[in-house]
Amino acid sequence: MVNNLSLVENEPRYWEFIRGLRNDPKIASGFIQQTSISPLEQNRYMQQYGNCFHICLLNGEPVGFVGVIDNDIRIACKSENQRQGIAAYMLSEMVKKFPRAVAKIKIDNDASLSLFRKFDFKVKYYLLEREVK
Ligand SMILES: CC(C)(COP(=O)(O)OP(=O)(O)OC[C@H]1O[C@@H](n2cnc3c(N)ncnc32)[C@H](O)[C@@H]1OP(=O)(O)O)[C@@H](O)C(=O)NCCC(=O)NCCS
């Protein structure tokens, strides 16, 4: 557990931080959508959804993000800061604001599944995707 955490509203100065984290292969592997995000794509996306994101600061430096879009939560923490309670801190704040939000988790993402379960999320659905050969 680390002290000196705060959750702040997203601003354009954090857009590249989010993109960098999202494009980090270790982080991207946890997400359903895994294609690399270009600066232009990020810019467009953030123009539309940037206000849905919050940034977690550790001693003033960004270490993670959480976004809730259409009641769907996405969350990530920098690899070097994982297992320090940062995602738990972000999620604890988000469930207060969005008690009915859901999370779509890849079936092999044990870390994320365990994180959400800690906050009383239960597996309610299976999402089936056809393998196209
Ligand atoms: C999932 C993720 C956000 C967790 O971030 P984190 O800051 O390391 O998580 P925390 O330290 O707050 O851990 C909170 C709980 O999550 C679970 N957890 C986190 N990392 C875990 C791991 N590697 N293995 C198993 N459980 C894990 C545990 O239940 C943990 O509670 P505990 O410490 O009491 O065991 C982080 O691993 C990540 O960014 N992954 C890549 C992106 C991703 O998969 N996002 C989810 C898509 S929505």
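The values are calculated or read from the model by the stated rules, or taken from the named source; none is laboratory data. Source: prediction; values computed, not measured. Virtual Cβ from ideal backbone geometry, glycine too; neighbours counted across all protein chains shown. The area values use the complete protein model at the heavy-atom level, side chains included, leaving out ligands, DNA and RNA. Shrake-Rupley method; radii C 1.70, N 1.55, O 1.52, S 1.80 Å.
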- Hey, could you check the range 87-117 for residues that are open to solvent by 50 Å² or more (accessible area, probe 1.4 Å) and aromatic (Phe, Trp, Tyr) and say which is farthest from the ligand (Cβ to nearest atom)? PHE98
- Filter the range 65-86 down to residues that are within 6 Å of the ligand (Cβ to nearest atom) and in a loop (DSSP other than H, G, I, E, B) and give me whichever is farthest from ILE105 (Cα to Cα). GLN84
- Task: May I ask you to list pairs of residues, at least six apart or on different chains, whose Cβ atoms are under 6 Å apart, with the first in the range 102-119 being farther than 11 Å from ALA88 by Cα and the second being near the ligand (Cβ under 7 Å from one of its atoms)?
- Result: ALA103/ILE73; ILE105/SER112; ASN109/GLY30; LEU113/ILE105
- Item | Residue satisfying condition, being assigned to a helix (DSSP H, G or I), touching an Asp or Glu at 6+ places or on another chain (Cβ under 9 Å) and surrounded by fewer than 17 Cβ atoms within 10 Å (Cβ to Cβ), within set ASN51, ASN43 | ASN51
- Scanning the range 76-122 for residues that are of a type in the set (A, V, I, L, M, F, W, C), out of contact with any Leu (no Cβ under 7 Å at 6 or more places or on another chain) and under 18 Å from ARG22 (Cβ atoms) gives CYS77, MET94, ALA103, ALA111
- Query: Quick check: anything in the range 54-74 without any contact (Cβ under 8 Å) to a residue 12 or more places away in the chain, hydrophobic (A, V, I, L, M, F, W, C) and open to solvent by less than 100 Å² (accessible area, probe 1.4 Å)?
  - Reply: no
- Query: If you check VAL123 against the conditions, is it aliphatic (A, V, I, L, M) and under 13 Å from the mean Cα position of the chain (by Cα)?
  - Reply: no
- Task: Quick one: in the range 3-21, of everything that is assigned to a loop (DSSP other than H, G, I, E, B) and more than 14 Å from GLY64 (Cβ to Cβ), which residue is farthest from the ligand (Cβ to nearest atom)?
- Result: GLU11
- Note on the structure: With criteria (1) touching a residue at least 24 places away in the same chain (Cβ under 8 Å); (2) out of contact with any Gly (no Cβ under 6 Å at 6 or more places or on another chain), ASN3 comes up short on (1)
- Item | Hits in the range 83-120 - residues which are within 20 Å of PHE53 (Cβ to Cβ) and among the β-branched types (Val, Ile, Thr) | ILE86, VAL95, VAL102, ILE105
- Query: Which one is nearest to the ligand (Cβ to nearest atom), of the residues in the range 22-40 that are in a loop (DSSP other than H, G, I, E, B) and of a type in the set (S, T, N, Q)?
  - Reply: SER29
